[in-house]
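Engineer: Got a structure here, written out as structure tokens. Questions coming.
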Amino acid sequence: MSSTAMKKKVLLMGKSGSGKTSMRSIIFANYIARDTRRLGATIDVEHSHVRFLGNLVLNLWDCGGQDTFMENYFTSQRDNIFRNVEVLIYIFDVESRELEKDMHYYQSCLEAILQNSPDAKVFCLVHKMDLVQEDQRDLIFKEREEDLKRLSRPLACTCFRTSIWDETLYKAWSSIVYQLIPNVQQLETNLRNFAQIIEADEVLLFERATFLVISHYQCKEQRDAHRFEKISNIIKQFKLSCSKLAASFQSMEVRNSNFAAFIDVFTSNTYVMVIMSDPSIPSAATLINIRNARKHFEKLERVDGPKHSLHMRMR
């Protein structure tokens with residue numbers, strides 16, 4: 001498959017000030033939350049190409065949300081904006097005082113998507129949830145989700161609550177990007193085999209630049225449902241701290257009396273995290289097993305890679 005065929009057009013839309021550029025900058029440009037305050041409003045459409053897992057390129061269209069721009073998107077720029085879209089991500093400011101107008105623009109987007117890219121996946125992010133009182137968040141999100149799913153018909157819409165100040169942003173974007181990975185089922189099968197062969201409690205695969213979780217397999221039940229996003233957030237902040245000291249993050253081992261966690265470069269586009277609780281398996285053996293699996297997973301990242309599963313002999 002050609003590199004052109006692997007480009008995936010992603011529309012990022014929503015009212016001006018809803019937080020589109022801030023979240024894009026945190027996920028793809030290594031900003032931290034407090035630094036997004038200095039970002040200005042997006043003028044018209046900002047294009048960026050993000051290489052993701054080698055052959056996959058996300059063609060991000062960050063569309064300015066001022067009224068003039070929004071009207072142009074639905075009239076003079078309609079075909080250009082909404083043609084060949086793989087994913088529409090629409091951002092709603094949960095505290096917006098113009099909810100009716102927000103919904104009107106969203107419906108206009110859906111009409112244009114139905115006309116130009118009927119197979120596109122639609123995601124709605126109810127953003128800035130940190131501004132809502134904690135005991136009200138579940139109720140408000142559920143109400144907003146029901147409204148959005150009703151308005152989206154006949155298209156299916158997946159909703160997430162998000163904030164740049166916690167792990168919810170990583171959870172949403174990991175789920176979205178997961179939908180774009182062409183051979184994700186094959187990747188998951190091999191990750192499961194790898195975890196079982198090395199007797200790991202859990203194995204996670206992170207995209208190298210964004211540290212979004214793209215695949216995982218767990219052999220033992222884990223208590224924290226938000227652990228993936230928390231790890232993404234922590235390691236990305238640590239990587240940023242390393243870069244400020246002109247150092248590059250390579251690997252990490254954390255161990256206590258209950259488990260050992262290994263984070264290491266896996267392929268040219270991923271990091272792997274392996275959780276082990278069996279004290280009889282030495283660290284050196286786990287690190288050798290990670291190294292032995294690298295070449296196989298490198299091949300899987302190519303669309304024309306092997307169709308067989310991992311059955312390597314591990315030490």
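The values are calculated or read from the model by the stated rules, or taken from the named source; none is laboratory data. None of the values given here were measured: they were computed from a predicted structure. For neighbour counting, all protein chains shown are included, and Cβ atoms are generated from backbone atoms with ideal geometry for every residue, glycine included. Just the protein is used for accessible areas: all its heavy atoms, side chains included, with ligands, DNA and RNA removed. Shrake-Rupley method; radii C 1.70, N 1.55, O 1.52, S 1.80 Å.
Engineer: Can you pull the one-decimal nm distance between simple spin-label points at Asn30 and Glu143, each 7 Å off the Cα toward Cβ?
Structural biologist: My value for the distance between the label points is 4.2 nm.
Engineer: On the accessible surface of the stretch 153-252, probed at 1.4 Å, how many percent belong to carbon and sulfur atoms? Can you show the working numbers first?
Structural biologist: Working: 2440 of 4780 Å².
Answer for the stretch 153-252: carbon and sulfur cover 51 percent of the accessible area.
Engineer: With labels modelled as points extended 7 Å from the Cα through the Cβ direction, what inter-label distance (nm, one decimal) is found for Asp79 paired with Ile234?
Structural biologist: My value for the distance between the label points is 5.2 nm.
Engineer: So if R0 is 25 Å, what FRET efficiency would Asn292 and Gln218 give, r being the distance between their Cβ atoms, rounded to the nearest 0.05? Before the final figure, lay out each step's value.
Structural biologist: Details: r = 21 Å, r/R0 = 0.86.
Once the sixth-power term is evaluated, E becomes 0.70.
Engineer: With every protein chain left in place, what is the accessible area per residue of the stretch 97-236 in square angstrom, probe 1.4 Å?
Structural biologist: Result: 49 Å² per residue.
Engineer: Per DSSP H run of n ≥ 4, the term is -39500 (n - 2.57); total these for the chain, divide by its residue number, and report the mean residue ellipticity at 222 nm rounded to 500 deg cm²/dmol.
Structural biologist: Details: 9 runs with 118 residues, N = 315.
Computed mean residue ellipticity for the chain: -12000 deg cm²/dmol.
Engineer: Determine the gain in length on full extension of the stretch Glu98-His47; use 0.36 nm per residue of separation and subtract their C-alpha separation, reporting nm with one decimal. Don't jump to the answer; show the numbers that get you there.
Structural biologist: Details: separation 51, 0.36 × 51 = 18.36 nm, distance 2.70 nm.
Answer, rounded to one decimal: 15.7 nm.
Engineer: Then there is this: Using label points projected 7 Å from each Cα along Cα→Cβ, tell me how many nm separate Ala156 and Glu199, to one decimal.
Structural biologist: The modelled label-to-label distance comes out at 4.0 nm.
Engineer: Among rounded, prolate and oblate, which fits the stretch 170-280 when a ≥ b ≥ c are the square roots of the eigenvalues of its C-alpha gyration tensor, a/c under 1.5 means rounded, and a/b larger than b/c means prolate? Could you put the intermediate results ahead of the total?
Structural biologist: Values: a/c = 1.57, a/b = 1.08, b/c = 1.46.
Oblate, since a/c reaches 1.5 and b/c is not below a/b.
Engineer: Convert each backbone phi in the stretch 102-119 into a coupling constant with the Karplus relation 6.51 cos²θ - 1.76 cosθ + 1.60 (shift: θ = phi - 60°), then list the ³J(HN,Hα) values in order as whole Hz, x for Gly and Pro.
Structural biologist: Karplus-based 3J(HN,Hα) across the stretch 102-119 equals 4, 5, 4, 5, 4, 5, 5, 4, 5, 4, 5, 5, 4, 6, 9, 9, x, 8 Hz.
Engineer: Quick one: compute the contact order of the chain, relative version, from alpha carbon pairs under 8 angstrom and 6+ residues apart, as a percent.
Structural biologist: Working: 494 pairs, mean separation 48.7, N = 315.
Computed over the chain, the figure is 15 percent.
Engineer: Which semi-axes, in whole Å and largest first, does the equivalent ellipsoid of the chain have when worked out from the alpha carbon gyration tensor as the square roots of 5 times its eigenvalues? Intermediate results must be reported in sequence, preceding the final value.
Structural biologist: Values: eigenvalues 268, 96, 65 Å².
Value: 37, 22, 18 Å, ordered largest first.
Engineer: A follow-up question, please. If one takes the longest principal axis of the Cα atoms in the chain, at what angle in degrees, from 0 to 90 and to the nearest 10, does the Cα axis of helix 184-198 lie?
Structural biologist: 30
Engineer: Quick one: if the Förster radius is 22 Å, what FRET efficiency do Thr68 and Leu131 give, using the C-beta to C-beta distance and rounding to 0.05?
Structural biologist: Numbers: r = 27 Å, r/R0 = 1.21.
Rounded to the nearest 0.05, the efficiency is 0.25.
Engineer: Can you give me the angle between helix 137-152 and the longest principal axis of the chain, using Cα atoms only, in degrees from 0 to 90, rounded to the nearest 10?
Structural biologist: Roughly 60 degrees, rounded to the nearest 10.
Engineer: Report for the chain the percent antiparallel among DSSP-assigned beta bridges with both residues inside it, nearest 5.
Structural biologist: Numbers: 31 of 54 bridges.
Percent antiparallel among DSSP bridges in the chain is about 55.
Engineer: Please determine, in degrees from 0 to 90 and to the nearest 10, the orientation of helix 283-300 with respect to the longest principal axis defined by the Cα atoms of the chain, where the helix direction is its Cα long axis.
Structural biologist: 50
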